[in-house]
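First the structure, in the form of structure tokens, and then the observations on it.
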Amino acid sequence: MTASLTPSLVPGYLATLSVDIRGCAVLDGSGLPAAGDPGVGSRAVALLSAPAPGAAASAGPGMIVSGSLHAQRGEYFTVAVDAGPLALAGVLADDLRRVVEALGGG
């Protein structure tokens, strides 16, 4: 599959889709930050390597939520966002899944 979106475009693209995203990061298949906000990237790396107590994976396959951090894992990339209080969790989860698919691996 040819990716229709690149990691560097993801933060701006998600900002047009979802409400109240404070920051966004894309991690590569090795779990290293590939693009976006370094602070969100660091938080996502920590969450994915050792999920915090209370982190929920109930938002769907590959989705992990811990506090304001929402991360969607894909085959080649993980996309994480720091969501504000006005973010709509269900819509955000759907947007993250679609972005991961557009990166070439859902």
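The values are calculated or read from the model by the stated rules, or taken from the named source; none is laboratory data. It should be emphasised that the depicted structure is a prediction, and the values quoted were computed from it without experimental measurement. No Cβ is skipped: glycine too gets one built from the backbone with ideal geometry, and neighbour counts run over all protein chains shown.
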Take the residues of the range 6-25 that are farther than 14 Å from LEU69 by Cβ and among the β-branched types (Val, Ile, Thr): which is surrounded by the most Cβ atoms within 10 Å (Cβ to Cβ)?
-> VAL10
Subset of the range 7-24 [over 20 Å from PRO85 (Cβ atoms) and either touching an Asp or Glu at 6+ places or on another chain (Cβ under 9 Å) or in contact (Cβ under 8 Å) with a residue 60 or more places away in the chain (or both)] = PRO7, VAL10, TYR13
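The rows are residues; the columns are (1) within 12 Å of the chain's Cα centre (by Cα); (2) not in a helix (DSSP H, G or I).
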residue: SER4; (1), (2): no, yes
residue: VAL10; (1), (2): yes, no
residue: LEU14; (1), (2): yes, no
residue: VAL19; (1), (2): no, yes
residue: CYS24; (1), (2): yes, yes
residue: GLY29; (1), (2): no, yes
residue: ALA35; (1), (2): yes, yes
residue: GLY39; (1), (2): no, no
residue: ALA44; (1), (2): yes, no
So VAL91 clears everything in (1) loosely packed, with under 15 Cβ neighbours inside 10 Å; (2) assigned to a loop (DSSP other than H, G, I, E, B); (3) modelled with pLDDT of 90 or more except one condition, right? Which one?
-> (2)
Give the number of residues within the range 30-48 that are touching a helix residue (DSSP H, G or I) at 6+ places or on another chain (Cβ under 9 Å), farther than 18 Å from ALA15 by Cβ and touching a residue at least 24 places away in the same chain (Cβ under 8 Å).
-> 1
Is there a residue in the range 34-56 that is among the aliphatic types (A, V, I, L, M), touching a Lys or Arg at 6+ places or on another chain (Cβ under 9 Å) and at pLDDT 95 or above?
-> yes
Every residue from the range 61-77 that is under 16 Å from LEU32 (Cβ atoms) and of a type in the set (Ser, Thr, Tyr) = TYR76
